[in-house]
Ligand code: SF4
């Protein structure tokens, strides 16, 4: 079971990973600084496999793929938001960081979460509630099922719409 | 055929059949670019995808602008990786000093009206000024464009912004309009959508003005921003793309541009916008003019007009980064740079400069910055203990003269 770490609306990519740390190909150095300005105690409280939960517009701002990469490298198993900023959402799916859009979730910090990516069903064990995530467009679903765009294109060599 | 927005028309022309908001399509891309923040990851993903050769080397551009020249060996090595890739793949590389990616692409006529352009940078919608469909994407999406020459997209719904009026008040510029639109639409109000600009004011807006309007759609969460081509003047012939009269918009925003006063976004969000008059007197110690929003010749001239023959207030510094080599050359030619330097400005290399907090002017703890950039998220300029106000170049210039937020005359 995974614990939820809940954040507010409009968490921008500068808060997920500051621009000064983005110029690197070393994923562990990204993980070392993830969320540090927003939540200085993040690295102490976060356990590999935990879930990040946010309100509206998570990941707004820059196009930096280092933001979802940093979360993935830190061991985040899933990000849930009411809705995501567009580029972050695409980036997350492309690099294989699971993301689910749940407009009506009522998850609180510390809640225990179970989820099934294939169905988009999320169970809040602490509150005994179940949420259904919005469906992905078919092409995104296919990319997610392959584990990201690199694997998808390696296999298909091109985009397939349906 | 059902009436279409500009975004629907451009995407339909590329898809080869009519497409409408909400539908998915796969379209060929007319051009793509990546910067030193996004290119290294894109190159890595391209190679991991099995990429050997770019689908279209003449349509792919690399720009070293975000941390240029390299402030440390780690970034220097990423720049080397880009240079090596460009020489191996025979694609364009714009090295340090060329300027900010978006300005470089416009200076070199890389993007044209009706094009679809993908940039691995969130302010790529800037090219909507040219009546093009331009989107920001991440590195892996860009790698897919490098490999296939195509991208999958959901056709966006569109928001229509109608700018009324034939002139702006003295001291008001396109930046003040952009800030007003961000305020009204909010930081997430245009998510997944295209912001389409219309109205009689367009006949009076330059290409620079149009770039400011489209640049800041990124601060509304938009997928793209496109200016209707009325009044667009370019040094070559082009086929303008107009929206159909009955095109469907999710929202229509009417703005009386002629009645606007100078605007300012206060810390820590670009949609926290107020009249400058409400913040007059707030002390500042650092002014910054530059970026893909406001680093063009007209912006430097606006600042020079305020600063001519005067000097910065004691204890205040002003950093200026011309948006491109062309802008710098033009500003040298007409004496703008000399005026700015004489007033006390520090001119830095053409590039992103301190905008993204990597180098070239990180603010200190507790410092208050007034900047002509587009984002003022906490920590944006490299120090979460500083505060950033966003305004027009004229407002920044007026403020560095007095040491506190001031109205441009
Ligand atoms: S100037 Fe700033 S906003 Fe524009 S591309 Fe550079 S870092 Fe991004």
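Listed values, structure above:
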| item | result |
| --- | --- |
| Strands (runs of 3 or more DSSP E) completely within the range A:40-128 that count 2 or more residues being away from every other protein chain (no Cβ under 14 Å) and modelled with pLDDT of 95 or more | A:51-53, A:78-81, A:112-116, A:121-124 |
| Condition met for residue B:319 (within 15 Å of the ligand (Cβ to nearest atom) and either surrounded by fewer than 23 Cβ atoms within 10 Å (Cβ to Cβ) or without any contact (Cβ under 8 Å) to a residue 24 or more places away in the chain (or both)) | yes |
| When residues of the range B:106-153 are limited to those that are part of a helix (DSSP H, G or I) and farther than 21 Å from residue B:43 by Cβ, the one farthest from the ligand (Cβ to nearest atom) | B:130 |
| In the range A:129-139, the residues that are within 14 Å of another protein chain (Cβ to nearest Cβ) and not in a loop (DSSP other than H, G, I, E, B) | A:138, A:139 |
| Pick from the range B:12-46, criterion within 24 Å of the chain's Cα centre (by Cα) and more than 14 Å from chain A (Cβ to nearest Cβ), ranking: farthest from residue B:74 (Cα to Cα) | B:30 |
| The range B:343-375, subset in a helix (DSSP H, G or I) and over 22 Å from residue B:402 (Cβ atoms), residue farthest from the ligand (Cβ to nearest atom) | B:353 |
| Inter-residue pairs, beta-carbon under 7 Å, first over 11 Å from residue B:124 (Cα atoms) and in the range B:210-232, second part of a strand (DSSP E or B) and within 15 Å of the ligand (Cβ to nearest atom), 6+ apart | B:213/B:225; B:221/A:60 |
| Residue within the range A:30-37 that is within 14 Å of chain B (Cβ to nearest Cβ) and touching a strand residue (DSSP E or B) at 6+ places or on another chain (Cβ under 7 Å) present | no |
| Tally of residues being at negative phi and more than 15 Å from the ligand (Cβ to nearest atom) across the range B:48-68 | 12 |
| Residues that are surrounded by fewer than 18 Cβ atoms within 10 Å (Cβ to Cβ) and either closer than 14 Å to residue B:151 by Cα or more than 8 Å from chain B (Cβ to nearest Cβ) (or both), drawn from the range A:143-162 | A:145, A:146, A:147, A:151, A:155, A:156, A:157, A:158, A:160, A:161, A:162 |
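The values are calculated or read from the model by the stated rules, or taken from the named source; none is laboratory data. Only a predicted model underlies this, so the values are computations on that prediction, with no experimental measurement involved. Here Cβ is always computed from backbone atoms with ideal geometry, including for glycine, and neighbour counts include all displayed protein chains.
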